[in-house]
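Read the figures in this text as sums done on the coordinates, not as results from a lab. Note that the structure is a prediction, hence the values are computed from the model and not measured. Here the Cβ positions follow ideal geometry from the backbone for every residue, glycine too, while neighbour counts run over all protein chains shown.
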Amino acid sequence: MVNSSLTYKIGETADRTGTYECLICKYAGVVTEVHVEKGKILPMCATCKDSDTTWHFKKSS
Ligand SMILES: [Zn+2]
């Protein structure tokens, strides 16, 4: 997977507010993005429902 400090597992706390992209969906050719605010918990992906996915921080908002 992506080796970057901008990746988060489900249940981790977001340390920035913005758009996060599910990497399991991304590698499957599907774009799944969620907006998470700083201090909130990264959710399970509603699309792939994989409990071990990684969220990649994409852009601030
Ligand atoms: Zn997903």
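Counting only residues at least eight positions apart within a chain, or on another chain, the aspartates and glutamates with an alpha carbon under 17 Å from that of residue 59 are 15, 21, 33, 37.
Taking 0.36 nm per residue of sequence separation and subtracting the Cα-Cα distance, how much length would be gained by fully extending the chain between residue 51 and residue 28, in nm to one decimal?
Gain on extension, residue 51 to residue 28, equals 6.7 nm.
With a simple spin-label model that places each label point 7 Å from the Cα along the Cα-to-Cβ direction, the separation between residue 16 and residue 38 comes to 1.1 nm.
Simple point charges give the picture: +1 on the Cβ of Lys and Arg, -1 on the Cβ of Asp and Glu, and for the chain a dipole about the Cα centre of about 120 debye.
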